[in-house]
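K.L.:
I am attaching a structure below and will ask some questions about it afterwards.
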Amino acid sequence: MSPVELVSKLFVEDVIVEPQKNNYGGYYIVMKEVSKNAKLKEVTIRDVPSTSKAVKLDEFIPKNSFLSGREGELSRCDYVLFVEENGDNYVYYIEMKSTRPRNKPKIQFKASQCLIRYCGLLAEVFIEDKSMNEVKNDRFILFKRGNLSKRPTSIKPADWSSNSPDHYYERTFSTATSSIFFNELR
């Protein structure tokens, strides 16, 4: 089984975001920020593989009766996107921010990666499937709202060779509802 297939077995239906089909036969996933104060309300990732699935991690409210949370271990990013493409599996940790991020995304990415690894261990023990913890292609992405240069600029392609929770890919959008093509995240 692939990590994408495990998503439906591990997570409740309410937190799973399925790809939707557009009028041209392609698929897209919509990621929404529900906070009333959010300046970046929605990002649509276009042309995702049809088998992709996202999990809305901030729907999960961890209890702090077990962990103190002082180090940020109870935080998490907004979404985790699972993609299987050409036999390779990818896990995209995605945080959406409306303000200057400072150090918080790093902590959210680390805590989310730990949570997904824990889910992978649960799958290994209870479903006898190791695929989620064998994924070697983790990607960390910050989508944020901000001002763009008035001069024409070209968007730099993501450099995944040094991508980590501490060195994440950052993409700025000028509008509250924005979109990006999946090719830009490959």
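K.L.:
Give the residues of segment 5-52 that are polar (S, T, N, Q) and in contact with an Asp or Glu (Cβ under 8 Å, 6 or more places away or on another chain), sorted by residue number. Break it down stepwise before answering.
P.N.:
The first filter runs over segment 5-52 and keeps only residues polar (S, T, N, Q), leaving 8, 20, 22-23, 35, 37, 44, 50-52.
Of everything in segment 5-52, those that are polar (S, T, N, Q) and in contact with an Asp or Glu (Cβ under 8 Å, 6 or more places away or on another chain) turn out to be THR51, SER52.
K.L.:
So ALA54 passes all but one of these: (1) crowded, with 16+ Cβ neighbours inside 10 Å; (2) touching a helix residue (DSSP H, G or I) at 6+ places or on another chain (Cβ under 9 Å); (3) part of a loop (DSSP other than H, G, I, E, B). Which condition number does it fail?
P.N.:
Among (1) crowded, with 16+ Cβ neighbours inside 10 Å; (2) touching a helix residue (DSSP H, G or I) at 6+ places or on another chain (Cβ under 9 Å); (3) part of a loop (DSSP other than H, G, I, E, B), ALA54 violates only (3).
K.L.:
A further question follows. May I ask you to verify whether PHE82 is buried (at least 18 other Cβ atoms within 10 Å of the Cβ), assigned to a helix (DSSP H, G or I) and aromatic (Phe, Trp, Tyr)? Break it down into steps so the answer makes sense when it comes.
P.N.:
Values: buried (at least 18 other Cβ atoms within 10 Å of the Cβ): yes; assigned to a helix (DSSP H, G or I): no; aromatic (Phe, Trp, Tyr): yes.
No, not satisfied.
K.L.:
Out of the residues in segment 121-148 that are small (Gly, Ala, Ser) and touching a residue at least 60 places away in the same chain (Cβ under 8 Å), which is surrounded by the most Cβ atoms within 10 Å (Cβ to Cβ)? Explain how you work it out, then say what you get.
P.N.:
Initially, segment 121-148 is screened for residues small (Gly, Ala, Ser), giving 123, 131, 146.
Going one step further and asking which of them are touching a residue at least 60 places away in the same chain (Cβ under 8 Å), we end up with 123, 131.
On the way: ALA123: 21, SER131: 18.
Only one residue tops the list, namely ALA123.
K.L.:
Against the condition within 16 Å of the chain's Cα centre (by Cα), modelled with pLDDT under 85 and of a type in the set (A, V, I, L, M), how does ALA158 come out, does it pass?
P.N.:
Yes.
K.L.:
Let me ask you something else. Read through the list (1) under 22 Å from LEU10 (Cβ atoms); (2) buried (at least 22 other Cβ atoms within 10 Å of the Cβ); (3) out of contact with any Cys (no Cβ under 7 Å at 6 or more places or on another chain), then give the number of the only condition that ILE94 fails.
P.N.:
(3)
The values are calculated or read from the model by the stated rules, or taken from the named source; none is laboratory data. Computed from a predicted model, the values in this text were never measured in an experiment. With ideal geometry, Cβ positions are generated from the backbone for all residues, glycine too; neighbour counts draw on all protein chains shown.
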